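Down below is the structure, laid out as structure tokens.
The values are calculated or read from the model by the stated rules, or taken from the named source; none is laboratory data. None of the values given here were measured: they were computed from a predicted structure. Because the Cβ atoms are built from the backbone with ideal geometry, glycine has one as well, and the counts that use them run over all protein chains shown.
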Amino acid sequence: MALVLAQLPALRLDRRIIVAALVICGLGMLHTEIALRVERVRRRITDTPHVDFSSVWTFAAAVLLPPALAAVLATIVFTHLWARSWRPRVPVYRHVFSTATVVLACLAASAVVASGDVARTPFLAGSARELVVLVLAVLAYTTVNSSLVVGAVAVSSPELELSSVLGNWNDAALETATLFLGALAAVALSINPWLVGFVLPPLIVLHWAELVRHLKEAASTDGKTGLLNAAAWHNKAEQVLHRANAEDGPRGVLVLDLDHFKRVNDTYGHVAGDQVLQAVANALRNEVRDRDLVGRFGGEEFVVLLGVPSDSGSTELGAVAERMRRRVEHLQVEIPTPDGPMTVSGLTVSIGGAVHSRTGEDLRTLLHIADTALYSAKRAGRNRVRLGLSLPPKAAPVQYTASDMPAGGA
Ligand code: GH3
Ligand code: MG
Ligand code: MG
């Protein structure tokens, strides 16, 4: 930053550069004002640092303006955004860090444009060489910005899973789309400063669309554990089973209920109970593949839908259930308290399962079979797995026989 400031007095600003800087800065702030409510809500429901819509303006500045001026402009646009939308949710130190990463990303993009030997004054002429340089500048900007953000998230939140640290493909695609909109803004500005206003409507729509995506995600997520909530699990499981009937192989359903969970609350308190639920949810999630569905049915009950091989469906389902049972049994949940960390252990879970056979039971029937098997496991002394074996629906739609699988012997 000091280096950038030191260059400022040496800048020879011609009229077009001043106009471009004022237009970019003005539109950047106007965008923040128009999208104020959208951005506030977005920040409230997701704290992802991976997506930043103001990069449209900071990227355009990096391409068109001298690096020091682009850095100052990025700082102004970001500080205005922080003051209006993010404060107090985003503390000052985080704001300073994000601004620094954006300034460095601008300098990287600017260096690419400079080394591409593209004349910035009078701006871009639309040559093929310039288009290649713009693509490389997008890559440089996003590489520097993302690496710094990922590094900071990894250092500041070591407890996060790798996927949360890296961000997902949607985030990466959105960030790249935003930067290409920034490239279009730079081209528009080179032709006629008024044209750049055309970038604003699609940008606002993109901002809205992103909020809708997050709202949909939030509506299907259980707030306490981050798993699918009951309604979302049902919807997705219905779709998966429908596909399984039509083309894919069989599926298995597991219903899990923590044993004597009331005692955990009574002994350690409700807050600790919530953290135990979170730890159990993480453990279950880690025992299955990404495409399997893990949900919280409510209270201390979880449900899983997973693919199983057609020849050994119930063996495989029983093996997964047994792995989950053992995983919960060995869980040590560390809970911070004012008097130092406390560890909750000795948890157990009872699990009931059902395999979706070629006769194509519906979800309700499968859940009924698994649920009855679960209660059979509870009655048999808890901390065990029982599988309900379905019969062809014509003979008896919801009959089952609970297998007498001993705990540990799935
Ligand atoms: P069982 O082995 O028969 O399942 O015994 P249990 O104590 O687990 O079963 P019960 O259904 O009697 O109690 C469930 C308890 O789970 C009651 C409630 O205190 C607790 N619980 C339900 N939802 C939550 C939650 O969101 N957070 C916390 N901390 N506790 C919850
Ligand atoms: Mg229960
Ligand atoms: Mg229970």
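Within region 233-256, is even one residue more than 19 Å from residue 356 (Cβ to Cβ) and not hydroxyl-bearing (Ser, Thr, Tyr)? Lay out the reasoning, then the answer.
First pass over region 233-256, keeping only residues more than 19 Å from residue 356 (Cβ to Cβ): none.
No, every residue in region 233-256 fails to be more than 19 Å from residue 356 (Cβ to Cβ) and not hydroxyl-bearing (Ser, Thr, Tyr).
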Exactly one of 163, 147, 156 is of a type in the set (Ser, Thr, Tyr), closer than 15 Å to residue 97 by Cβ, outside the structural domain of residue 286 (by TED's automatic domain parsing) and at pLDDT below 75, and that one is 156
State which residue is farthest from ligand 2 (Cβ to nearest atom) when the search covers only region 280-300 and only residues that are over 20 Å from residue 363 (Cβ atoms) and among the aliphatic types (A, V, I, L, M).
-> 283
Between residues in region 290-302 that are more than 8 Å from ligand 1 (Cβ to nearest atom) and residues that are among the polar types (S, T, N, Q), which pairs lie under 6 Å by C-beta distance while being six or more apart or on different chains?
-> 296/225
Checklist (1) over 24 Å from residue 297 (Cα atoms); (2) in contact (Cβ under 8 Å) with a residue 24 or more places away in the chain; (3) more than 16 Å from ligand 1 (Cβ to nearest atom); (4) not β-branched (Val, Ile, Thr) applied to residue 338, failing item = (2)
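Kindly provide the set of residues from region 41-51 that are closer than 25 Å to residue 151 by Cα and either at pLDDT 70 or above or assigned to a helix (DSSP H, G or I) (or both), ordered by number. Steps first, answer last, please.
Our first condition is that a residue be closer than 25 Å to residue 151 by Cα; within region 41-51, this holds for 42-51.
If the condition is that a residue be closer than 25 Å to residue 151 by Cα and either at pLDDT 70 or above or assigned to a helix (DSSP H, G or I) (or both), then 42, 43, 44, 45, 46, 51 are the ones that fit.
Of the residues 296, 285, 243, which is exposed (fewer than 14 other Cβ atoms within 10 Å of the Cβ) and of a type in the set (Lys, Arg)?
Working: 296 fails: exposed (fewer than 14 other Cβ atoms within 10 Å of the Cβ); 285 fails: exposed (fewer than 14 other Cβ atoms within 10 Å of the Cβ).
Answer to the selection: 243.
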Scan region 301-320 and give yes if some residue there is surrounded by fewer than 18 Cβ atoms within 10 Å (Cβ to Cβ) and within 16 Å of ligand 2 (Cβ to nearest atom), otherwise no.
-> yes
Would region 256-267 turn up any residue that is modelled with pLDDT under 95, within 16 Å of ligand 1 (Cβ to nearest atom), hydroxyl-bearing (Ser, Thr, Tyr) and surrounded by 17 or more Cβ atoms within 10 Å (Cβ to Cβ)?
-> no
